[in-house]
Amino acid sequence: MRITAVTCVKNEGPFLLEWIAYNRLLGVTDFLFYSNDCTDGTDELLDALSARGAVTHLANPAEGRAYQMEALKDCAHQPVVQQADWLWIADVDEFLNIHVGDHTIPALISASRDPHAISLSFQFFAAGDVHRFEDRPVIEQFTRTHNPDIWCGETAIEVKTLVRRDFPLGYYGAHRPFLRKNTRSEDRPVWCDGSGRQVQHRFMVAGSPRRIRKFPAKDARRFATLNHYALRSLDSYLVKNDRGDVNRENRAFDDTYWRERNDQSWQDRSIHRMLPALTAALADLKSDPEIARLHAECVHRHRAHRDALLTQPAYQEMRAALRSASSLPPQEDAMLRRLGLFT
């Protein structure tokens with residue numbers, strides 16, 4: 001089974017090898033990376049991996065517009081996608097956590113009875129008290145998260161989607177595919193959530209804007225969930241804030257973005273079952289001296305960027321404010337204040 005992962009990156013150098021190694025363990029056979037405007041060595045590391053046949057690396061085709069959507073339009077024409085049995089479109093801070101069988105994508109597909117698509121619900125992992133960037137697996141460092149069924153007062157949580165080759169595709173979206181126009185009801189796909197249940201009709205046909213990329217997460221994680229480490233450490237969040245969003249020009253991250261994703265009310269270590277194999281896979285990648293050197297250079301530049309930011313009063317103030325910010329999501333904080341439980 002050929003499974004291709006497609007992602008867009010900008011200044012994700014320190015985190016590339018972990019994501020590649022982890023997804024290989026899941027059964028991903030091919031990788032298509034689109035990069036843009038990198039200053040931390042991301043593109044150099046990807047070029048080296050591409051030269052060794054480990055990934056396909058392309059410059060993002062966008063011209064000052066929606067980077068991710070332009071890349072997804074382009075990817076449909078790339079052989080590494082056209083030859084795949086399944087496509088996995090995800091970001092480098094997203095790790096598919098499979099709970100069935102041998103914890104691979106083929107096991108998830110089998111448990112779901114081989115549908116045309118599987119949409120997996122996000123679970124946002126908090127930075128917690130991890131302030132300093134460390135060059136060790138993200139999935140090991142961050143274990144605190146929100147109630148899996150509720151995020152920021154919302155019971156509908158965003159998804160990312162595995163797509164089978166014969167899906168009746170109109171176009172790829174970042175979170176889910178969209179059906180061809182005028183797809184007949186009898187030709188609509190078998191499309192499951194992370195528990196193998198058929199997704200809601202309104203989600204499938206994108207009939208309501210609120211349901212285009214999310215649906216209720218309750219009971220949707222029996223087979224798998226999608227761990228999203230959107231914050232990582234406070235240091236890395238500052239660098240991310242300065243970088244902006246890889247998918248949209250001029251989008252800033254702020255206190256609200258941090259607090260919405262820094263809910264520490266639950267703990268989930270289930271993905272740690274992958275750590276022994278991940279540690280070995282990372283060591284294998286780094287056994288190539290050039291790959292190890294380029295990874296180390298990305299780590300060095302990431303730390304140097306953090307240090308440069310922290311010479312600026314604005315970032316000093318931001319770091320202090322985020323360290324002292326409430327770990328409650330803004331919506332929950334506001335509700336408690338309305339109830340008079342906070343003053």
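Taking amide H as placed 1.01 Å from N in the peptide plane, the amide H of residue 230 sits under 5 Å from that of 125, each at least 5 places away or on another chain. In the chain, the portion of solvent-accessible area held by carbon and sulfur atoms comes to 48 percent [1.4 Å probe, whole percent, DNA, RNA and ligands not counted]. Between residue 9 and 34, 35, 36, the built amide H atoms are under 5 Å apart, and every one of these is 5 or more places off in sequence or on another chain. Over the chain, all Cα pairs binned in 20 Å intervals from 0 give whole-percent P(r) values of 30, 61, 9, 0, listed from short to long.
Other residues with beta-carbon under 11 Å from the beta-carbon of residue 220 carry, at +1 per Lys or Arg and -1 per Asp or Glu, a net charge of +2.
Per-residue 3J(HN,Hα) values for the stretch 309-314, derived from phi via the Karplus relation 6.51 cos²θ - 1.76 cosθ + 1.60 with θ = phi - 60°, read 4, 7, 7, 9, x, 4 Hz in sequence order (x marks Gly and Pro). Amide H contacts of residue 56: 31, 32, 33, each under 5 Å away and 5 or more positions distant or on a separate chain (H built 1.01 Å from N in the peptide plane; Pro and chain starts excluded). Between the listed residues 175, 138, 6, the Cα displaced farthest toward the positive end of the dipole of the stretch 3-339, a dipole computed from Cβ unit charges relative to the Cα centre, is found at 175.
Take 223-235, 306-318 and order them by the average number of nearby Cβ atoms within 10 Å per residue, most first; the result is 223-235, 306-318.
Checked against a 30 Å cut-off, the cross-linked pairs 214/240; 10/214; 218/286; 10/73; 73/240 give Cα-Cα distances beyond that limit for 218/286. Projected over every direction and averaged, the convex hull enclosing the alpha-carbon atoms of the stretch 125-177 yields 6.1 nm². The value of relative contact order for the stretch 3-339, using C-alpha pairs under 8 Å at least six residues apart, is 23 percent. Rolling a 1.4 angstrom probe over the protein heavy atoms with all chains in place gives the stretch 3-339 an accessible area of 42 Å² per residue. The listed peptides 112-122, 54-64, ordered by packing as a protection proxy, come out as 112-122, 54-64 (highest mean of other Cβ atoms within 10 Å first).
Take the Cβ-Cβ distance between residue 102 and residue 307 as r, set R0 to 41 Å, and report the resulting FRET efficiency rounded to the nearest 0.05. The pair residue 102/residue 307 has a calculated efficiency of 0.45. Here is how the number arises for the chain: DSSP H runs of 4 or more residues each give -39500 (n - 2.57), the sum is divided by the residue count, and the result at 222 nm is -10000 deg cm²/dmol. Entry note, the stretch 109-170: relative contact order of 48 percent, from Cα contacts under 8 Å with a spacing of 6+ residues. Protection proxy ranking, highest mean first, for peptides 193-206, 285-298: 193-206, 285-298, where packing is the per-residue count of other beta-carbon atoms within 10 Å, averaged. Here the 3J(HN,Hα) profile of the stretch 42-47, calculated from phi with Karplus coefficients 6.51, -1.76 and 1.60 at θ = phi - 60°, is 3, 5, 5, 5, 5, 4 Hz, Gly and Pro shown as x.
For the stretch 3-339, the share of DSSP beta bridges that are antiparallel, to the nearest 5, is 55%.
The values are calculated or read from the model by the stated rules, or taken from the named source; none is laboratory data. All values reported here derive from a predicted model rather than from experimental measurement. Glycine gets a Cβ as well: all are built from the backbone with ideal geometry, and neighbour counts include every protein chain shown. What goes into the accessible areas is simple: the full protein's heavy atoms, side chains included, and nothing from ligands, DNA or RNA. Shrake-Rupley method; radii C 1.70, N 1.55, O 1.52, S 1.80 Å.
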